[in-house]
Amino acid sequence: MSEIRVECYAGYRADQRPLRFTLRERTFEVRQIEDQWYSPAAVYFRVKADDGNLYVLRHDEESDRWTLAAFRAVP
């Protein structure tokens, strides 16, 4: 998993949902959150970015660290 920088919307709690993320010096805008799920140690977001591709962003809430868990190019 690659570590990334994520900017989030913070509503009633911090880092409620990702708005944009930076990966390898490129910033992507989150156009749509397609799914969100929880594991005992993290929160996952499957997002569609402004490049049309799908990314799974993983947020480890204990360490406050974001990683790229998966990527899928959309034809």
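Which value, in Å², gives the accessible area per residue of region 5-75 when a 1.4 Å probe is used on the protein heavy atoms?
On the way: 4600 Å² over 71 residues.
Accessible surface, normalised per residue, equals 65 Å².
Suppose every K and R has +1 on its Cβ and every D and E has -1 on its Cβ; what is the size of the dipole of the chain about the Cα centre, in Debye to the nearest 20?
200
Ignoring ligands, DNA and RNA, how do 24, 65 rank by accessible area with a 1.4 Å probe, largest first? Write out the running numbers ahead of the final one.
Values: 24 195, 65 110 Å².
The ranking, largest first, comes out as 24, 65.
Heavy-atom accessible area of residue 51 with all protein chains present, probe 1.4 Å, nearest 10 Å²?
Approximately 50 Å² for this residue.
What order do 44, 9 take when sorted by accessible area (1.4 Å probe), most exposed first? Kindly include the intermediate steps, with their values, before the conclusion.
On the way: 44 45, 9 95 Å².
In descending accessible area the options line up as 9, 44.
Express in nm, to one decimal, how much length is gained between residue 5 and residue 29 on full extension, taking 0.36 nm for each residue of separation and deducting their alpha carbon distance. Can you show the working numbers first?
Numbers: separation 24, 0.36 × 24 = 8.64 nm, distance 1.21 nm.
Stretched out fully, the residue 5 to residue 29 stretch lengthens by 7.4 nm.
Taking +1 at the Cβ of each Lys and Arg and -1 at the Cβ of each Asp and Glu, which of 59, 69, 39 sits farthest along the dipole of the chain towards its positive end, judged by Cα position relative to the Cα centre?
69
The values are calculated or read from the model by the stated rules, or taken from the named source; none is laboratory data. Quick caveat, the model's predicted, so the values are computed rather than measured. Every residue, glycine as well, gets a Cβ built from its backbone with ideal geometry; the counts of neighbours run over all protein chains shown. These area figures cover heavy atoms from the full protein model, side chains too; ligands, DNA and RNA do not enter into them. Shrake-Rupley method; radii C 1.70, N 1.55, O 1.52, S 1.80 Å.
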